[in-house]
Structures are given as C-alpha cells and as structure tokens.
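Heads up: the structure comes next, in structure tokens.
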Amino acid sequence: MSANMYPTERMIVEAVATILCFVIVRFMAKPYKLTREGSYLGLPLGFAFLGISNALAALAYSPLGFDPKLMWLPQLTRTFAFVFLAVTYLFSNRKSKSSKLLGETTISLLIIAVAISFLLAFVAPQFAFEGYSQANVYLRIFNVICLAYIAIYTLRSHVKNLDPTTLWVPFGFIFLAIGQYTLLFWYIDSSFSAFVGSLVTTFVGLAIFLFVSYRTFYSSDKERG
Amino acid sequence: MKIYGDLLSALRSEFNEKERVVLTHIQVRINVPFDRLKSYITELRELGFIEDETSLKLTEKGKQYLREYEKILDFMKRMGLTYQ
C-alpha cells in the first residue's frame, strides 16, 4: 500500500511540517490572546490540528512507530483541521451575533473532534482500522472540498476589496488543496511524482501562511502604510 | 475584548479631528448604548488604557494596545476574514 512507501522521507517531511504549523499557530493565536474573542479561535485551532496531524504522521513513520491500527488517526485529525478552517470562514461573514456563534461552534467542533478521536482510538479501534483504506480516500476528497471552499471564499474576499496584501492567502489554500489532491493520486497509483508534488505544494502553502503572518506582525509601521 | 480596540480607535480618531472628545460621537462611531459606553470607558481606565474618564486621553499602554489591535485587524483582512 502506497501509504507505507518512503517512510524515512515522510517522517522528515511530516516533522518539518509540524514545526511550520506550530510556528504559524503562534502567529494565528495572537488575535485571540489580545482580544479573547471566541471567533478568533478557529484559525489557530485549525492549524494546531494540522500540526498535530503532521506530528502523529511523523511518529507513525518513525522507527518508534505506533500500532498500525491507529494509522487513521493522522488522517482524521487533518480532516478536523480543514473542517475548523472551513467553519471559521463559513461563519465569519454572518451578521448578528456571528462572533458569539462562531466561538460556540468552534468549541462544539472541538468537543466533537476529541470525542470521535477518543471513541475510535480506545472504544472501537478495530472499526476505524478496517474502514481506514476506504475512509482515507473519502476523507482526502472531503479535505479538498473544504480547502476549495476556503480558497474560493478568500479569492472572492480579495476581489471585493482589491488589495495586493490579500492575494497571498487564497494561493496558500489552493496549494494546500493541490497537496491533498495529489496525495490522493499517490495513494491510488503510488506515483513518485505525485508524492513529491504533494510535498512541494503543501510546503509552499504553509510557507505562504508563514510569510503573511510574519509580514503582518513584524513588518515596520512604514511598510504597513 | 474587541470592543476595547474599537473604542480606543474611535477615541484616537476623535482626538485627531477635534481638540475635545464628544462621547455621543464615540457612541455613534462604535454603535453601543450610552450606558454601556460609560462602563467600557471605566474599564479602559481600570486597564490603564486611558488617563482618566474626563480627558479620555490614551496612555502609552493604550496606544500600544491599539497598535497591536490594528495589526490583528490587518492580519484578519490578509487572511480573508471580515467579521461584521
């Protein structure tokens, strides 16, 4: 099965992606830290889940490894990450109490995500393992749909207020979506180029988020206009 | 709280435009009831963001908070998120 190919390379890549994700989380958490607004929790939680997913995958491919029956865990966590991000964008432009609603939705999703992971990991691990192969494909398709929605949303947001600073993020999500899409090909036909392509596009996507965050929080006031 | 950032931003804009701050103008800018505006101003003073409740001048801490708050708004805009 292609999912078990190139374990060393995957372990390294997943470990680097974990570090990148948590650096991004550090930036994404700033709005919540300053304002304590629940609506600002979606982005850091989304990227935190993505980081956890990468960390679990790195662990899975490392010599330490973990029970193959738990191989579905990184994939499910990654899907939770994209759901958090999609929900954040979905509710962000809703009028009337949207901020409170988004905060409550985020917390509810967090509880559901933890409960499902716990149930599948400890109560019915066999169920998750048996359905993993099929679920893997469907979850990746679902991930691509979530990311495509966010990419379209952010592109529309950019078109409404044409500003060069808002152009980067849609491309970040597009690259993440392409990364998931090419991983799907890799899973199906074990193509090496699909494997490398998915790594490159995922890293480019994460690098864009890092660049946007860094530019916002560390660029000088003069640069910011 | 997000409202602190909005309120500090409104106060600074008022100071830039006029010598004295008129509370009703602030109320219109941030769209909150007057009694709640008064309580937010008290909270801003308690947090050390304004000098006192009469002059409503921003302290250095208040200006620093506002700078951080504006970075956050800019970040949210860059991320394509516009909360209403």
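Here, each number is a calculation from the coordinates, and none is a lab measurement. These numbers come from a predicted model, not from an experiment. All Cβ positions, even for glycine, are placed from backbone atoms using ideal geometry, and neighbour counts span all protein chains on display.
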Entries in B:18/B:38; B:38/B:77; B:18/B:61; A:33/B:61; B:2/B:38; A:160/B:2 that, when Cα-Cα distance is taken, lie over 26 Å | B:38/B:77
Which trypsin sites (Lys or Arg not before Pro) does chain B hold that lie in a coil by DSSP with at most 11 other beta carbons within 10 Å?
-> B:18, B:20
Expressed as a whole number of Å, what is the distance separating the alpha-carbon centroids of segment B:1-20 and segment B:39-84?
-> 8 Å
Enumerate the aspartates and glutamates that residue B:71 could reach by cross-link, defined here as Cα to Cα under 15 Å, with residues fewer than 8 away along the same chain left out.
-> A:221, A:223, B:6
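Pick out, in residue order, every one of the GluC sites (Glu not before Pro) in segment B:1-80 that is DSSP loop and has at most 14 other C-beta atoms within 10 Å; say none if there are none. If you can, show how the numbers build up before the last one.
Values: sites: B:14, B:17, B:19, B:43, B:46, B:51, B:53, B:60, B:68, B:70; in loops: B:19, B:51, B:53.
Qualifying residues, ordered by number: B:19, B:51, B:53.
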Estimated inter-spin distance, residue A:211 and residue A:160, nm [label 7 Å along Cα→Cβ] = 2.5 nm
Regarding chain B, what whole-number volume in Å³ per residue does the convex hull of its Cα atoms give?
-> 94 Å³
Hey, got the average number of other protein chain Cβ atoms within 10 angstrom for residues in A:211-219?
-> 3
